[in-house]
Amino acid sequence: MNDAIARRRILAKPRSFISMGFKAGDREPLARAATLLLAAATLGVMVASLAIGPIAVPILDMLPKMSVALLSADRGIPEGISPRDWIVVMDIRLPRVLLGALVGAALAVSGAVMQGLFRNPLADPGIVGVSAGAGFGAALFIVLGGSVLSPVMTLLGIYALPLAAFAGGLMTTLLLYRIGTRRGVTSVATLLLAGIALGALTGAMTGLLVYVADDQQLRDLQFWGLGSLAGSNWNKLASAAPIILAMLVCVPFLARGLNALILGEAAAGHIGIRVQRLKNASILMVAGATGASVAVSGGIGFVGIVVPHLLRLTIGPDHRYLLPASAFLGAALLIAADTLARTIVAPAELPIGIITAFAGAPFFLWILLRKRGLMGFS
Amino acid sequence: MTLLNRSTDPEKETLLLISGVGVNAGRIEIVKEVSFSAVAGEVLAIIGPSGSGKTTLMRAMTGESAYRGSIKLAGRQVRELDPGAQADLRGVLPQNSQISFPLNVTEVVSLGFLCHRPERVDRGPRVREALAKVGLNGFEGRIYQDLSGGEQQRVQLARVLVQVWDPVPMDGPAHWLFLDEPVSSLDIKHQYQIMQLARDYADSGGGVVTVMHDLNLTLAFADKVLVMKDGYGLAFGRREEVMTAELLSTAYDFPLKMTANENGEDPLVTPERFRSRP
C-alpha cells in the first residue's frame, strides 16, 4: 500500500523523489513547507500593509476590484469605492508595497547568493561596499544627470538611475572579487577589509558630489544615506522592476552550483560544476539586484544578512529552498518594516533604513558572537 | 545490450596515461617531469616526501591545475573535458574537507549526485549504503561541522562513492577514485577499513589512484607505486619492485629498512637506526 503510494508520487513528481527515501537527515519537507508558508505570509503582509495607514480603507472589498483594474489597465475608479480610498491604495500604498516587496526580495536574495559565493555567512552587499558603489553610481546621475550626463539621461530615461547604480555595484563587486581572490581561493578577511576601503572610497566620491550638489539634489541624495521607500510611485516601480524580476527569475538556476560550492571551489569543480561561470553569473545578479534596489530605496542595511541566516537556522543551507524562502521572507520583513516606518511617528515618517539597522545590527553582532570559534572566518 | 556498445580499446576503457607531465604553481615548477600509467582494477599509490609534488600532480589529473604534457583518462585528454564530463568519469577526495555552511551528513553525501541525471537511482538507500561502507551508520541527520576530523573525512569519501558508485558502469568506461591522503586523519581501524574499501573498488574493476604518506599501508594495499621526489617520478612499477629499503631511503633521504616475518610475509618499513624502548 505504502509502496504503491510512493511509486505513484514518484511518477507524478519525478524530481521530488530525492526526498522520498530518506528517513533521517532529510530537511526537504520542512524546507518546502516553510517556503510555501512564507509565500502565503508575504501575501498576507502585503494586504495588511495596504490596509494600514492614517486613512482606514475597506481593503477586502477593494481587492477584487483592484485586480480587475490592474489586469484591464482601466484607470477609472470602480463603483462602490470611495475615490479617496481608491487613490490612497492604488497610487500611494500599492506601488510602495510592491516596491518594498521587490527591494526586500532583492536584498535578501543578494545576501544569500553573496554568502554562498564567498562561502561566509557574513558577506552582504551592504557590508562589503557594493551598496556604497551602487549609491555612488546613483548619486552621479542625481547630481550630474541634468548637466554633464544629460545625453545619457535622455537616452535611458527612467532606467538611467538604476542602470548607473547597477554599474556602480557591478564595478565594486568585480574589484572586490579580484582583490579578495588569489589562485581561486577567496580570502574573507581580505574581502572585508577591501570592502571597507572601497566603501570609504566610493563614499568620498559621493561626498564630492554632495559638495557640488544644489539644494534639490541634496534632498534627493540624503535618502541614500538612510534608505527609504517614501516617494514610491509607479514610475519608480517600473524603473527597478525589470532588473529585480529578471534576477529573481534567474537566481534559482544558481542553487545547484551554490550548493556544490559549500564543499569549496575545488570540490565543486570535481562534482561537475563550472565554477567560474557560476561566479560570473552570481556577481552579475547580485550587482544588478543591489544596484536596482539602491537606486529606488537607498541604503537599506542588514536585510541581506538577517534573512538568509534566520532561514539557514530553520530550514538548512540548501540553496534550492534558501533562495526562494529568502525572497519571500525579505519581502515580508521589508514591507512590515516600511509599514512601521510610516505609521510609528505618523504623520511624519522614519527612514526605513533606521528601522532595519536597529533590528539588524544587534542581530549581526549576535551571529558573530554565536559563530565565533565554531566556523573559522579566516 | 549495452555490452554491445562497449569498445574493446583498453585505452578508452581502463587506462590512465600520464606522459611528460609538468605542473606550475604560479612561477614555481612543482611537478617537473612525470610519466606513468595506471589501469582500472589496480590500486596505484603515489608516495614521496612532503613537497615532492604528489598533491600538485593529483590536481592536474583531476582538472584543477593546468599542465604540460599529456594526461589521458579513458582515452581523453583531461584538459579538454568539461567538469561535468570529468565528474562522470571519476570522483575526487580532496585533502581539505572543510565546508562553509552547516549541512547535515545526508546533504553532504547527496552532493555526490549533483552531476547525475535525476532518474538514475533511488538516492536515499544509496546514501545510507555509502555511509554504511565508511562505517557511519546512523549519522544521516548529524550536522557535518559537529563531527570529528576523521568522521568528516569518511563523510566526504561517502560523497565521492555515490558519485562513482559502480566501479564499472553499464554504459561507459571504468570509474576512477582519486584520493589525496584518504587516511591521514583516521585512526588505525578506519585506516585499514578505508584502504580495504579502495582495494575492493579496484578488485571490482574500478581504478584507484591515491596519494599516501603511510608506507606500511602502501605495502599492504597498493598494486603499483609511483615514487615522487623533487617534482620528478623517481621510480614507478609494481609494489614489490619499487618498495625496497634502498629506493625508499633515497626517496626520503632517511635510512629505512624492511623487515618481514620468518616466512617473508607482512613486510614493514621502519627507520634503520630506531630501537623501541625495552
Sort A:293-301, A:145-153 by packing, meaning the average of other beta carbons within 10 Å per residue, with the highest value first. A:293-301, A:145-153
Charge dipole of chain B about the Cα centre (unit charges at C-beta), most positive-ward option of B:46, B:263, B:144: B:144
What percent of all Cα-Cα pairs in segment B:64-143 falls into each 10 Å bin, going from 0 up to the bin containing the maximum distance? 14, 38, 31, 15, 1
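Per residue, what volume in Å³ does the convex hull of the Cα atoms of chain A enclose?
Numbers: hull volume 65.8 nm³, N = 378.
Hull volume over Cα atoms, normalised by residue count, gives 174 Å³.
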Grab the eigenvalues of the alpha-carbon gyration tensor for the protein assembly as shown, scale each by 5, take roots, and send me the semi-axes largest first in whole angstrom. 56, 28, 21
Ignoring any ligand, DNA or RNA, what whole percent of the accessible area of chain B comes from carbon and sulfur when the probe is 1.4 angstrom? 50 percent
Residues of A:73-85, mean number of Cβ from any other protein chain within 10 Å of their own Cβ, rounded to a whole number? 0
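Mind checking the per residue accessible area of segment B:128-191 for me, 1.4 Å probe, whole number of Å²? Can you show the working numbers first?
Details: 2330 Å² over 64 residues.
Solvent-accessible surface per residue comes out at 36 Å².
If you place +1 on the Cβ of every Lys and Arg, -1 on the Cβ of every Asp and Glu, and leave all else neutral, what size is the dipole of the protein assembly as shown about its Cα centre, to the nearest 20 Debye? Kindly include the intermediate steps, with their values, before the conclusion.
Numbers: 59 positive and 51 negative charges, 112 e Å.
Its charge dipole is roughly 540 debye.
Kirkwood hydrodynamic radius of chain B from all distinct Cα pairs, in Å? Before the final figure, lay out each step's value.
Working: mean 1/r = 0.0509 Å⁻¹.
Roughly 19.6 Å, rounded to one decimal.
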Only Cα pairs within less than 10 Å get springs; with that Gaussian network setup on chain A, which residue of A:71, A:63, A:174 has the largest fluctuation? A:71
Considering only the other residues whose Cβ falls under 14 Å of the Cβ of residue A:220, what net charge follows from Lys and Arg at +1 and Asp and Glu at -1? 0
Taking each residue in B:158-166, count the Cβ atoms of any other chain within 10 Å of its Cβ, then average. What number comes out? 1
q = 0.23 Å⁻¹: log10 I(q)/I(0) that the Debye formula gives for segment B:104-231, counting C-alpha atoms only: -1.44
What dipole magnitude, in Debye to the nearest 20, does segment A:89-370 give about its Cα centre under +1 on Lys/Arg Cβ and -1 on Asp/Glu Cβ? 880 debye
Which order do peptides A:96-102, A:209-215, B:63-69, A:121-127 fall in by mean Cβ count within 10 Å, highest first? A:121-127, A:96-102, B:63-69, A:209-215
Considering the options A:350, A:294, B:190, tell which one lies farthest towards the positive end of the dipole of the protein assembly as shown, charges being +1 on Lys and Arg and -1 on Asp and Glu at the Cβ, about the Cα centre. A:350
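Just flag the GluC sites (Glu not before Pro) in segment B:94-143 sitting in loop per DSSP whose Cβ has no more than 14 other Cβ atoms within 10 Å. Show your work: numbers first, answer last.
Working: sites: B:107, B:119, B:129, B:140; in loops: B:119, B:140.
When the GluC sites (Glu not before Pro) of segment B:94-143 are filtered for loop state and at most 14 Cβ neighbours within 10 Å, B:119 remain.
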Burial-style ranking of B:28-38, B:147-157, average other-beta-carbon count within 10 Å with highest first, yields B:147-157, B:28-38
Once Lys and Arg get +1 and Asp and Glu get -1 on their Cβ, which of A:263, A:253, A:366 lies farthest toward the positive end of the dipole of segment A:89-370? A:263
Given a 10 angstrom Cα cut-off, can you work out which residue in A:72, A:239, A:82 is the most mobile in a GNM of chain A? A:72
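How large is the charge dipole for segment A:185-342, taken about the Cα centre, if only the Cβ atoms of Lys, Arg (+1) and Asp, Glu (-1) carry charge, to the nearest 20 debye? Write down the numbers at each step before the final one.
Values: 9 positive and 6 negative charges, 100 e Å.
Using only the charged Cβ atoms, the result is roughly 480 debye.
Over all residues in B:89-101, what is the mean tally of Cβ atoms on other chains that come within 10 Å of each residue's Cβ? Working shown, then result.
Values: counts 0, 1, 2, 5, 2, 5, 1, 4, 3, 5, 8, 14, 17.
Taking all residues of B:89-101 together, the mean is 5.
The values are calculated or read from the model by the stated rules, or taken from the named source; none is laboratory data. Since this is a predicted model, take the numbers as computed values, not measurements. Cβ atoms come from the backbone with ideal geometry, glycine included; neighbour counts cover every protein chain shown. Note: accessible area is taken over every heavy atom of the protein model, side chains too, but ligands, DNA and RNA are not part of it. Shrake-Rupley method; radii C 1.70, N 1.55, O 1.52, S 1.80 Å.
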